[in-house]
Amino acid sequence: MIKNYLKTAWRNLIRNKAFSLINISGLALGIASGLFILLWVNDERSIDNFHKNSRYLYNVYERVFSEGKVEAGHWTPGLLANELKRSIPEIRYASGFNEQAPSLFETENKFIIEKGRCADSDFFKMFSYPLLAGTPISALHGPDDIAISRRMAENFFGSPDAAFGKIIKCNIYKNFKISAVFENPPDNSSQKFDYVANWKFLLDTVSWLKEWIYRGPYTFVQLQPNADPVRVEAKIKNFLNAYLNGRDGAGFHLELGLQRYNEMYLNSNYKNGRPGGGRIEYVRLFSMVAIFVLLIACINFMNLATARSAKRAKEVGVRKVIGAVRKALIAQFIFEAMLLALFAAILAVVLVILLLPAFNYLTGKQITLPVSSPNFWSIILGLTFLTGIISGSYPALFLSSLRPIKVLKGSLKFSVNALWFRKGLVIFQFVLSIVMITGTIIIMRQVNYVQTINLGFNKENLIYVPFQGQMANHYDVFEQEISHMQGIKDVTRIDQPPTRIGAHAYDMDWTGKNPNTKTVVIHVTVGYDFLKIMNLQLLQGRDFSKDFPTDTLGYIINETALKLLGYKDPIGQPLSIFQNKGHIIGVVKDFHFKSLHEPIEPLLINLNEHIDWGNALVKTQPGKTKQAIASLEKVCKQMEPKFPFTYYFVDEDYKKLYDNEQTVSRLSSGFAFLAIFISCLGLLGLTMFTAEQRTKEIGIRKVIGASVKNIVLMLSKDILRLIIISAVIAAPVAWWGMNKWLRDFAYRTNISWWIFIVAGMLAIIIAIATISFQAIKAAIANPVKSLRTE
């Protein structure tokens, strides 16, 4: 029986080459889209799931209650990990974890900049980064210990074994002993690093991390196997209170919470003080897109199969007359659908192999096709089977239900319900397609909006250069050397990148402050001419000036901070943070110093040209960027010849804040195109079906004088009416979905009414282009032939 099914299916496929090609192409595109999204989703969900202790690993995050609002983040005090382990018996291991600035390592005549982290001695006991030399217990045991990656070991010593136990110098002055060599972090690790230094190195380098009022690093803990995470979280909730007594921030309502470590990557955002949202929203979004695109492809198969049903009706009638039962006919048509789905799956896999490099480029990933994995092929077979069942079910049930007497007499007619069902499928297809087109337009507008919005400062011709070695301690020399060189307009310094200013202060005090008021502000330390170089608008007071020696005790605040303070005449008013008493000398107009996902926060700008870290912020002369970079490189090489020259453009740094949105924009554009393309294949099927059903009517109309234009309009108007209905349904659905997406941005574009008109018109234009070929073909056909066939 299977042999007969296969033979019949093959004959039908060969006999109707164009029909089969359209069907296979549509299904292949749908399956390929599903595979691409499946690979991407699987890659996203695999991040940080390779650790053996994953079920016990947690990130400690902090909630800060201020001004009736709650803010949360991964920042924690530098001393927290050891205290948690000492005080909470349910915590087996704990480690601080902090990203380090790129550091210069050297051995003999080799000098290489490496990126790494600092962590406690428990780190390699907690996380599954396999050690090639050393043990988890001995790694990072001593204050001068460092663990390096295989890549770093091979670069400096040739092999992991040769590196073990050696001394390596960091940033010229610090000698480390290599106590372990670990395997390079895998692609599915959210943390990428080439060395891990002992936590004491960080505390000695950044002394303020020894104070409980300051925070910055991550804190990771591993619970005991029998520990209840809910109870542990309740136990550590108010853990910080005891360590803040006696400080200005003691009255703050600070809480600690736990988040599974392997959930951090996908749930990196915080809502109402708890982890919620982030890349997981895009995973869910594109999972739905994969289902929708595959459904659209299956619906196409249904429409195309029913469009050809008139030609197979007599076959069904004959088979029933000679004894075929309905189950056998259903099995035959399902088998044919399965065969087409199999060919489509093979073509889909070929498409994925060919287009995977381009897909990786769009998404910024390194996804490979897991051809050696049985699970992958099981998914392919399951997807093929599911596609065949879904796409073949309706045609099989419909054709097998035909009554042989009617079809053999040539009086096959389709019920109103059957016609509306197929039209409903087309409406469903185009609702999804128009929603995706609308979403793509809005996403592109939002990406363009965040790239072109007035940030309140001029990011053009702005470069920052991280201080390396002892450059920060000799900033006055650097400034004097660079100021008059080619391409340089102005220079100052800043302790944080200008598009990612985020240092928190919890103990700000001012005259008239309510003792019960809990405030959190952002602060940044700069040099002279910062306002001038950033082109910030000064609303009151003045900029920092060398003519006023007391400006080291002065603060410039933004509008949001002024609203918080409540001063009507702020200039000269007292203000302090970190118990450093000062006064306000100026107020600047609000400007964006973070992603537009976040609202502008209160900002304090203070002057200090003698801190031993940070960046040089340089304004270049328009059109002379290359000369400015050459000048900067020359001075940096003169001051620190061992360090490679590193610089960043502020405008490019700003664009990187929206890498996720740009990736989503590219992906949504591609899948929206595929959705509309596959939907148009369905339109082609419905046009074919309509033309076949109205062959006699078309012939009679032509005989009595109807023009080609009249016939084309007659065949097109019903389908165009369906698309208009689709556009009307899609508009509120798209508005709801995109309005929800835009809520993640504190500053966002408007959803204008014309977007829905444009999306609907695009769908109509593409549909007209699709159906016109078949409609014109039917309109110019010889009426004699059509009437003779009837």
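State the number of residues belonging to the range 430-477 that are among the aromatic types (Phe, Trp, Tyr) and closer than 28 Å to THR646 by Cβ. Counting residues in the range 430-477 that are among the aromatic types (Phe, Trp, Tyr) and closer than 28 Å to THR646 by Cβ gives 4. Selection of strands (runs of 3 or more DSSP E) fully inside the range 23-102 by the criterion of at least 3 residues being buried (at least 19 other Cβ atoms within 10 Å of the Cβ) returns 57-66, 91-99.
Quick check: anything in the range 312-324 at pLDDT 70 or above and either in a helix (DSSP H, G or I) or within 29 Å of PHE376 (Cβ to Cβ) (or both)? Within the range 312-324 (the criterion being at pLDDT 70 or above and either in a helix (DSSP H, G or I) or within 29 Å of PHE376 (Cβ to Cβ) (or both)), the answer is no, since none of the residues qualifies. Consider the range 626-650 and keep the residues that are open to solvent by less than 40 Å² (accessible area, probe 1.4 Å) and part of a helix (DSSP H, G or I). The one that is nearest to ASN458 (Cα to Cα) is VAL650. Mind listing just one residue for me: the one in the range 251-293 that is open to solvent by less than 30 Å² (accessible area, probe 1.4 Å) and among the small types (Gly, Ala, Ser) and, of those, farthest from the chain's Cα centre (by Cα)? By that ranking, first place goes to GLY257. Please verify whether the range 584-603 includes one or more residues that are in contact with a strand residue (DSSP E or B) (Cβ under 7 Å, 6 or more places away or on another chain), more than 25 Å from TYR747 (Cβ to Cβ) and either without any contact (Cβ under 8 Å) to a residue 24 or more places away in the chain or not hydrophobic (A, V, I, L, M, F, W, C) (or both). Within the range 584-603, none of the residues are in contact with a strand residue (DSSP E or B) (Cβ under 7 Å, 6 or more places away or on another chain), more than 25 Å from TYR747 (Cβ to Cβ) and either without any contact (Cβ under 8 Å) to a residue 24 or more places away in the chain or not hydrophobic (A, V, I, L, M, F, W, C) (or both). Only one entry in GLU281, GLU233 is in a helix (DSSP H, G or I), of a type in the set (Asp, Glu) and at pLDDT below 85, namely GLU281. Scanning the range 740-778 for residues that are within 30 Å of PHE591 (Cα to Cα), open to solvent by less than 70 Å² (accessible area, probe 1.4 Å) and in contact with a helix residue (DSSP H, G or I) (Cβ under 9 Å, 6 or more places away or on another chain) gives TRP741, LEU742, ASP744, PHE745, TYR747, THR749, ILE751, SER752, ILE755. Meeting the requirement of 3 or more residues that are hydroxyl-bearing (Ser, Thr, Tyr) and at pLDDT 85 or above, the helices (runs of 4 or more DSSP H) wholly within the range 347-461 are 416-452. The selection criterion, being of a type in the set (Lys, Arg), in contact (Cβ under 8 Å) with a residue 12 or more places away in the chain and out of contact with any strand residue (DSSP E or B) (no Cβ under 9 Å at 6 or more places or on another chain), holds for LYS634. Of the residues making up the range 548-581, those that are open to solvent by less than 80 Å² (accessible area, probe 1.4 Å) and either at positive phi or among the acidic types (Asp, Glu) (or both) are ASP551, GLU559, GLY566, GLY572, PHE578. Mind listing whichever residues of the range 729-739 are open to solvent by 80 Å² or more (accessible area, probe 1.4 Å) and in contact (Cβ under 8 Å) with a residue 12 or more places away in the chain? Across the range 729-739, the qualifying residue is only TRP735.
Taking each residue of the range 520-546 that is over 20 Å from ILE577 (Cβ atoms) and looking for partners that are polar (S, T, N, Q) and assigned to a strand (DSSP E or B) with beta-carbon atoms closer than 6 Å, six or more apart or interchain, yields ASP529/THR492; ILE533/THR492.
The number of residues in the range 619-657 that are among the aliphatic types (A, V, I, L, M), closer than 18 Å to MET534 by Cα and within 31 Å of the chain's Cα centre (by Cα) comes to 1.
Across the range 52-111, the qualifying residues are those that are farther than 30 Å from GLU154 by Cβ and among the small types (Gly, Ala, Ser), and the one among them that is nearest to the chain's Cα centre (by Cα) is GLY73.
Within the range 473-502, being under 26 Å from VAL521 (Cα atoms) and either aromatic (Phe, Trp, Tyr) or in contact with a strand residue (DSSP E or B) (Cβ under 8 Å, 6 or more places away or on another chain) (or both) holds for THR492, ARG493, ILE494, ASP495, GLN496, PRO497, PRO498, ILE501, GLY502.
Picking from residues in the range 503-528 that are open to solvent by 60 Å² or more (accessible area, probe 1.4 Å) and touching a strand residue (DSSP E or B) at 6+ places or on another chain (Cβ under 8 Å), the one that is nearest to ASP569 (Cα to Cα) is THR511. Restricting the first member to the range 481-498 and to residues that are small (Gly, Ala, Ser), and the second to residues that are surrounded by 19 or more Cβ atoms within 10 Å (Cβ to Cβ) and at pLDDT 90 or above, the beta-carbon pairs closer than 7 Å and six or more apart or on different chains are SER483/VAL491; GLY487/THR620; GLY487/ALA628; GLY487/SER631.
Residues in the range 353-368 that are open to solvent by less than 60 Å² (accessible area, probe 1.4 Å) and under 15 Å from ASN188 (Cα atoms): ASN360, THR363, LYS365, ILE367. Applying the set (1) more than 37 Å from the chain's Cα centre (by Cα); (2) within 22 Å of TYR506 (Cβ to Cβ); (3) surrounded by 18 or more Cβ atoms within 10 Å (Cβ to Cβ) to ILE600 leaves exactly one unmet item: (1).
The values are calculated or read from the model by the stated rules, or taken from the named source; none is laboratory data. Quick caveat, the model's predicted, so the values are computed rather than measured. Counting neighbours? That spans all protein chains shown, and the Cβs are built from the backbone with ideal geometry, glycine included. Quick note on the areas: whole protein, heavy atoms, side chains included, nothing else; ligands and nucleic acids left out. Shrake-Rupley method; radii C 1.70, N 1.55, O 1.52, S 1.80 Å.
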